[in-house]
């Protein structure tokens, strides 16, 4: 079982090493002639007015928070979806369907609420 | 194939032989993948060229076939500029973080009925995890660069990827319900029978949502606001040059191919032959499943990626977010509910 994951570990290592080697080759073969103008951040020829790490639109946070809720929902749906077709008796199957139906319904109510509140508007 | 490799390395001590087998089988996947990426860039320029009544690259070698290698060589001897305000370490780690998941996700893709690098039972979960992981490379690149264009591109891209991730995840749940397993090999086997047994038919809305979300996820046109060369120049990789840029490029194209292969695997029966189940043709060699079918099916979707880019103008950002949140998520939730009822009540013809 667990040794099935060894190729994945090796694959991750190999792709990491490959990326590092390619970057290294780039540094090795490419020239390096830095000058202040070249190293200044690109802003269409202007001097940068202020630091880039400034305040930004709060809606990006909102999207990220909503994402976490829905992504967790998906994580809960995954195991349920795998076994739904395998239950021995019809009754258990209907019960599984109904319980997930209630869970989804609660989340859908939340989804409608955020929709009505305008959390998904973007203009 | 893996057994053959194992016998090849049998002269080594057992642990080393196992490792050598794994490394060799990874190379069997990785080297053709990189060649595919190289020729996807070539095909992209040629196909879009012909669609716009131009020739595209045709100078380097016959029909311009050596163009990708010339490009790699050129990128390799270009300077990698690290801007002075940038966080140097994160600036260089970011391309690696987008490259590693783009490659490593291939470990669980079944290429033939026998050959899969790692047939883990959590295959689909692993794919979902690694395709989500790619967003870190983009965010980190935008933040570490410390340039306004890069920052804007990264923010846009992150919000967009995150929005489409949900629709994608829901579509995967639909596939799981129909396939009854997280193992990709078993999902393909669950589709065997004929073309009508493939999941594209019972899961048609999810199939469309998954592919479109895949296009958005890879930041390809018409969803390429993260790059948006006409407004924010090149988005998150505006300050990257030379090999550092090449890594982002490699990751983007590897992800495109990955999405094509995943759509083919999850909804079009992967390596199953389309002639399977047809009375006369299915009994001949055409009915045999194999890598060639997977390649052909994925090539269709890969072509669609190029086709979209030549056809559609770029979406406006608020339209992208509206499509992701207000169209795709309701569609997938409704279809999951329908499918759940069909599966639980054993309604035919697919779910019994």
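Just checking the output field for A:71-80: average partner chain Cβ neighbours within 10 Å of each residue's Cβ?
Mean partner-chain Cβ count within 10 Å for A:71-80: 5.
Within 10 Å of each Cβ in B:76-82, how many Cβ atoms from other chains are there, averaged over the peptide?
Mean partner-chain Cβ count within 10 Å for B:76-82: 6.
Just rank B:218, B:265, fewest to most, by other beta-carbon atoms within 10 angstrom.
B:218, B:265
Name the residue, out of A:107, A:39, A:23, whose mean-square fluctuation peaks in a Gaussian network model built on chain A with Cα pairs under 10 Å.
Result for chain A, Cα springs under 10 Å: A:23 fluctuates most.
Rank these for me by crowding, B:197, B:237, going from fewest to most other beta carbons within 10 Å.
Ascending number of Cβ neighbours within 10 Å: B:197, B:237.
Build a GNM of chain B with springs between Cα atoms under 10 Å: which of B:262, B:201, B:294 gets the top mean-square fluctuation?
Most flexible of the set in this elastic network: B:201.
With the contact rule set at Cα under 8 Å and sequence spacing of 6 or more, what percent relative contact order holds for segment B:1-103?
14 percent
Once both labels are modelled 7 Å past Cα along the beta-carbon direction, what's the residue A:90-residue A:21 spacing in nm?
Roughly 6.1 nm, to one decimal.
Would you kindly compute the Cα radius of gyration of segment A:2-117 and its largest Cα-Cα separation (Dmax), both in Å?
So, for segment A:2-117, Rg and Dmax equal 25.6, 74 Å respectively.
Peptides B:160-167, B:320-327: what's the order by average Cβ count within 10 Å, highest mean first?
The densest-packed peptide leads the list: B:160-167, B:320-327.
Provide the packing ranking of B:45-57, B:85-97, B:247-259, i.e. peptides ordered by the mean count of other C-beta atoms within 10 Å per residue, highest first.
Sorting B:45-57, B:85-97, B:247-259 by mean packing, highest first, produces B:247-259, B:85-97, B:45-57.
Rounded to the nearest 500 deg cm²/dmol, what is the calculated helix-only ellipticity per residue at 222 nm for chain B, with -39500 (n - 2.57) per DSSP H run of length n ≥ 4?
-21000 deg cm²/dmol
Put a dot 7 Å past each Cα toward the Cβ at residue B:296 and residue A:13; how far apart are the dots in nm?
Taking the simple label geometry, residue A:13 and residue B:296 are separated by 4.0 nm.
Please arrange A:8, B:188 by how many other C-beta atoms lie within 10 Å of their C-beta, fewest to most.
Lowest to highest Cβ neighbour count: A:8, B:188.
Other chains' Cβ within 10 Å of A:22-35 residues: what's the mean?
6
Set the Förster distance to 41 Å, then compute FRET efficiency between residue B:338 and residue A:38 from the Cβ-Cβ distance, nearest 0.05.
The formula returns an efficiency of 0.10 here.
Bear in mind these aren't lab numbers, they're just calculated from the coordinates by the rules spelled out. This one's a predicted model, so the numbers in the text were calculated from it and none came from an experiment. For neighbour counting, all protein chains shown are included, and Cβ atoms are generated from backbone atoms with ideal geometry for every residue, glycine included.
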